[in-house]
Structure formats: C-alpha cells, structure tokens
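K.L.:
Before I ask anything, let me first share the structure, which is written out below as structure tokens.
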Amino acid sequence: MSVLEFGSGYSTAVLADACRVLHKEFNSWAGSSLRFQRPFHLHSVEESDEFLGRTETMLSKEARPCVSLYKSNVIVTEMFHRIVTLYDKIPNYAFDLIYLDGPSQTANLSDIRGFSFNSPDRMPMAADIITLEFFLPPGCLIIVDGRTANARFLRSFLKRQWAYQHDPAADVHYFELQETPLGVYSELHLSFCLPNGFLLNGSSGSDDLSRSR
C-alpha cells in the first residue's frame, strides 16, 4: 500500500505510523510478491514551508523512514472551464490511498479574471486527483477531509467506477474505486489490501456515484 497526502500536519504523523507498522510486518513479502514501488510509504505534498517544518517535528524516529515530504507550489488554472488548483510537483508513484486536505486558501494569491481562492468565502478547488484518475489502481480509496465543495467537484468529474459515501458527523467524504483487477499482479495486490472485499457499500442510494459513466 502506498499513500498520497495533499496537505501535511497531524494526519501525516498518523498515516506515517500506519505505514511503519505495515512496513515492519509485510515489506519483505510485498517486495518479493508485488510489482509495486516503495510499498507502505507515505508521500506528503505541501506548499507551506512552515507546515513542512511543523510536520517534520511530529514524525517519530521510527516512522520517519516511511515518509517522503515534498514542497510543491500551487497553480491556479482552468479545467473543464472551471477554475481549479494544481500542485506543480507530485510524486511519481501509484497510490492505494489518497488523503485530500490541501492546499490552503493562501497557497496562491493570483487570480483568473479577478477570481481568486485567497478569500474567506471559498476553499481551493483541488483537481490533482482528476489528472491522476486513470493511473489509480482498483481498490484505491480517496478520503476528503471536509472540503465538501471539492468533494462535489470530484463527484462531478471522476469517470471510473467510484462508490461514494459521506460521514456528516465527521464531515469526511470517501471515494472507493470498485473495479476488477487489471491483471495477475493487480489481483494479488487487491486481495492483499482488501481481502474481505470493498469497504464502501455499493448500493448506498443517492450517496453512490453513478456506475453508468
């Protein structure tokens, strides 16, 4: 399992420790059985030097080898005639888990035709996941921490077979890629990550993404 995080902080420390535990238990087997770069590793992308510094101090000595921190600037651009943000540098790996909690409102102060995310009225509309969608493996889980507008944007433009659920109490959105394996290695990978099947209920009514896309 490989993890991509947009926006660093306390979540980085939690995810890093989970990767540490999995790496200790399964890395030897995964290295010889799965066709996968750096299993059980967290790749955290952050635009703020301040937050990168804070995050570094939160990581335990034992978990630090399981984390790569990336400084990446944020671009304000257009996609599908919508104004969005993109990080200008993302890690070159395949990811089973993506945690979206970035960028911040002050990540880029530029505007498009006068419209800017540097406003208390709105959060950035991160579109990085859209650009990566067709490289994500079956079983991939996306967690959107709050950022309901961004989650609705993803629901509108993701094209593969995603199941969706929202936990209103925690204000967390979940997307799971419920597709069949791509081949032998993909099947082995999927059976390791999800031995009991997919996590999200595939028939949760209006909270499901359409399967007809």
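K.L.:
Does at least one position in region 57-67 carry a residue that is of a type in the set (Gly, Ala, Ser), farther than 27 Å from THR148 by Cα and touching a residue at least 24 places away in the same chain (Cβ under 8 Å)?
P.N.:
There is at least one residue in region 57-67 that is of a type in the set (Gly, Ala, Ser), farther than 27 Å from THR148 by Cα and touching a residue at least 24 places away in the same chain (Cβ under 8 Å).
K.L.:
Can you go through PHE51, PHE40, PHE80 and tell me which one is more than 21 Å from ASN150 (Cβ to Cβ), in contact (Cβ under 8 Å) with a residue 12 or more places away in the chain and aromatic (Phe, Trp, Tyr)?
P.N.:
The unique qualifying residue is PHE40.
K.L.:
Does GLY139 satisfy the criteria of being more than 27 Å from PRO124 (Cβ to Cβ) and at pLDDT below 95?
P.N.:
In short, no.
K.L.:
On the given criteria, is LEU15 in a strand (DSSP E or B), aliphatic (A, V, I, L, M) and on the phi < 0 side of the Ramachandran plot?
P.N.:
no
K.L.:
Additional query: I'd like the full set of residues that are among the polar types (S, T, N, Q) and either modelled with pLDDT of 95 or more or in contact with a strand residue (DSSP E or B) (Cβ under 7 Å, 6 or more places away or on another chain) (or both), limited to region 16-54.
P.N.:
SER44, SER48
K.L.:
Here are PHE153, PHE95: which of them is of a type in the set (Phe, Trp, Tyr), at pLDDT 95 or above, surrounded by 15 or more Cβ atoms within 10 Å (Cβ to Cβ) and more than 30 Å from ARG38 (Cα to Cα)?
P.N.:
PHE153
K.L.:
Shifting gears a bit: What are the residues in region 156-172 that are assigned to a strand (DSSP E or B), touching a Phe, Trp or Tyr at 6+ places or on another chain (Cβ under 7 Å) and farther than 30 Å from SER33 by Cβ, if any?
P.N.:
Listed by number, the residues that qualify are TYR164, GLN165.
K.L.:
Considering only residues that are more than 19 Å from GLU78 (Cβ to Cβ) and not in a helix (DSSP H, G or I), which ones fall in region 122-151?
P.N.:
LEU136, PRO137, PRO138, GLY139, CYS140, LEU141, ILE142, ILE143, VAL144, ASP145, GLY146, ARG147
K.L.:
Moving on. Restricting to region 144-178, what's the tally of residues that are of a type in the set (Asp, Glu) and within 16 Å of LEU132 (Cα to Cα)?
P.N.:
1
K.L.:
For SER191, indicate whether it is part of a helix (DSSP H, G or I), over 12 Å from PRO137 (Cβ atoms), modelled with pLDDT of 95 or more and out of contact with any strand residue (DSSP E or B) (no Cβ under 7 Å at 6 or more places or on another chain).
P.N.:
no
The values are calculated or read from the model by the stated rules, or taken from the named source; none is laboratory data. Quick caveat, the model's predicted, so the values are computed rather than measured. Every residue, glycine among them, receives a Cβ derived from its backbone with ideal geometry; neighbour counts consider all protein chains shown.
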